[in-house]
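Enquirer: Pasting in a structure now, in structure tokens, and then I'll have a few things to ask.
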Amino acid sequence: MTPREFFLLYEKLISGTITADEKQRLLEYTDQIEAEEHPWQAEMGDKTEIENEIHALLEKEIRPKKRTKIRILTTILTAAAAVTGLVILFSSIYKNNSKLQPAAPKTLASNNKVTPGSNKAILTLADGSTITLDSASAGSLTTRNGVTIKQVHNGLIEYNDRTGTNATSWSTISTPTGGQYQIVLEDGTKAWLNATSSLKFPTTFRNNERLVEISGEVYFEIAKDDSKPFKVNFNGNTITVLGTHFNVMAYKDEAKSKVTLIQGAVKVNNRSGEQLLKPGMQAQITDSISQITTCKANLEEAIAWKNGYFTFDHENIQSIMRKLARWYDVRVNYQGDMNGKIFSGTISRFDNISEVLSMIELTGTIHFKIQGRELTVLP
């Protein structure tokens, strides 16, 4: 396990977002730190202290407050970040290869209260009625014409159709700015929606294919069914799969749509042609001309949002600000020349925006002013 993998799993443990498989990986790693194939690296901190803390957290299954998480994580990662430039540290990349500068003067309002997004969405049913998905308690939300919609827990709903009819009705789940949600479709397919996204789907897949339509950004884990290919339509493009995991980024305010394949195989096609993707590949579609190109994907960056992070890989400031605007529900303005403002780094999506912006300001190359929900970016 690399230091980066260790740090990301450790933060997910502290924040309460770690999965059962990830817990097991972390536990096995700390249990075998003396083994030759699991070397402990000095920049990870005090081995015994961190091992004991991980075991305690796993045993108690606690979920500390976010500010506690940040304080603990910052302490543990200070030395490591200085060496490896990993979590909660940004590096600015210029032609002159300038290094990290001292902290910039504070320009952010100390009393700013812009908080991160949360689990919230609107479910629109076939009859036009809507259900707000943000504070509903666990259990059945509604039963309509034999279709039961159940909220398993905050942030996840499931569909069950036991009508046995051939009629097809469609529903749409939509997230607002500052929202995210997860849904399990009738066939067992799982879909995670990022902010400002939507998924239109039939309550049950009755024909010889499973067809849905999306906008924004959605991560899919497709339930395998060889008899019914799964198809995703977006911006005039179609993805065809049998069973696989992939991410689709198709925001209207982005010049390109991106399909990133995690595992399995998918085919992306439109009027200009088609491309078959293998795991670790990304299809990029220039929306203005529908041209499809492929490249090696940065898988961590592509699905960081689903795992609770912002990850920027040599990304310009305008692209970064579009992501922040969707998640924090802010309006962004620019003053001055933004050319060459390229950043890389990883940071939690669950910090208040002032904390996130302050981290970027540590590069000494960009500054921010925020008033209410108006955010100004300055060189």
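The values are calculated or read from the model by the stated rules, or taken from the named source; none is laboratory data. Every value quoted in this text rests on a predicted model; they were computed, and no experiment measured them. Cβ sites come from the backbone with ideal geometry, for glycine too, and all protein chains shown count toward neighbours. Surface accessibility is based on the protein's heavy atoms, side chains included, excluding ligands, DNA and RNA. Shrake-Rupley method; radii C 1.70, N 1.55, O 1.52, S 1.80 Å.
Enquirer: For Pro176, what charge total do you get from the other residues with a beta carbon under 10 Å from its beta carbon, if Lys and Arg give +1 and Asp and Glu give -1?
Expert: 0
Enquirer: Can you put Leu378, Leu362 in order of accessible area, largest first, using a 1.4 Å probe?
Expert: In descending accessible area the options line up as Leu362, Leu378.
Enquirer: Kindly state, to the nearest 0.05, the FRET efficiency for Gln24 paired with Ser227, given R0 = 30 Å and r defined as their beta-carbon distance.
Expert: 0.35
Enquirer: Do any trypsin sites (Lys or Arg not before Pro) in segment 217-308 lie in a DSSP loop with no more than 16 other beta carbon atoms within 10 Å, and if so, which?
Expert: Lys224, Lys252, Arg271
Enquirer: Amide H neighbours of Arg144 under 5 Å, at least 5 residues apart or on other chains, H built in the peptide plane: list them.
Expert: Residues meeting the amide H criterion: Ile149.
Enquirer: Let me ask something else. Measure up Lys120/Lys278; Lys23/Lys296; Lys296/Lys369; Lys267/Lys341; Lys190/Lys258; Lys231/Lys341 against 31 Å on the Cα-Cα distance and list the ones that go over.
Expert: Checking Cα-Cα distances, Lys120/Lys278; Lys296/Lys369; Lys267/Lys341; Lys231/Lys341 exceed 31 Å.
Enquirer: Please compute the length gained on full extension between Asn154 and Ser169, using 0.36 nm multiplied by the number of residues separating them and subtracting their Cα-Cα distance.
Expert: 2.9 nm
Enquirer: Could you compute the net charge surrounding Val377? Neighbours are other residues with a C-beta less than 9 Å from the C-beta of Val377; K and R count +1, D and E count -1.
Expert: Local net charge: +2.
Enquirer: For Arg210, which sequence-distant residues (separation of 5 or more, or a different chain) have an amide H within less than 5 Å of its own amide H, given hydrogens modelled in the peptide plane?
Expert: Phe230, Lys231
Enquirer: Now for a different question. Just need the relative contact order of segment 231-300 here, percent rounded to a whole number, with Cα pairs under 8 Å and 6+ apart.
Expert: 26
Enquirer: So, counting K/R as plus one and D/E as minus one, what does the shell of residues with Cβ under 10 Å around Ile285 add up to?
Expert: +1
Enquirer: Projecting each Cα onto the charge dipole of segment 157-284 (Lys/Arg +1, Asp/Glu -1 at the beta carbon, about the Cα centre), which of Gln263, Ile173, Gln275 comes out farthest on the positive side?
Expert: Gln275
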